[in-house]
Amino acid sequence: MTGWTRDTIRDSILETIADHLRVPREELTEDTSLLEELRVDSLLLFEIVVDLEERFGIRISNEEAESLHNIRDAVDFVTRELTGGPDAVRLPR
């Protein structure tokens, strides 16, 4: 998909996380903590990151994944990557 906006990125990330955790999407907000509130462990975080990489065609390093403390962090990171931030790395399609 092209033409991503911050809102569509947020909605897609919320949907991905809700699917992985099997929780209603409505229970999640950008301020929801991945570790403390959702209790996402390292394996689940890896699975979510892989899905986000595939969905958005970007690469997320281990260090970057570990810096995603809440959903807002993930939304901001993906938005930066898709809008060509200084450290953006896109995967070939």
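Residues being more than 17 Å from Leu68 (Cα to Cα) and free of Cβ contacts under 8 Å to residues at least 40 places away in the same chain: count how many of those fall in segment 1-53.
13
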Check on Leu21, more than 12 Å from the chain's Cα centre (by Cα), at pLDDT 95 or above and closer than 28 Å to Gly84 by Cβ: no
Which numbered condition Val89 misses (of (1) over 13 Å from the mean Cα position of the chain (by Cα); (2) of a type in the set (A, V, I, L, M); (3) at pLDDT 95 or above): (3)
Residue identified as of a type in the set (Asp, Glu) and modelled with pLDDT of 95 or more among Glu66, Glu81, Glu26: Glu26
All positions within segment 8-52 that are in a loop (DSSP other than H, G, I, E, B) and surrounded by 12 or more Cβ atoms within 10 Å (Cβ to Cβ): Val23, Leu28, Thr29, Glu30, Thr32, Leu34, Leu35, Glu37, Leu38, Val40
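The values are calculated or read from the model by the stated rules, or taken from the named source; none is laboratory data. This structure is a prediction, so every number in the text was calculated from the model and none was measured. So basically every Cβ, Gly included, is an ideal-geometry build from the backbone, and we count neighbours across all protein chains shown.
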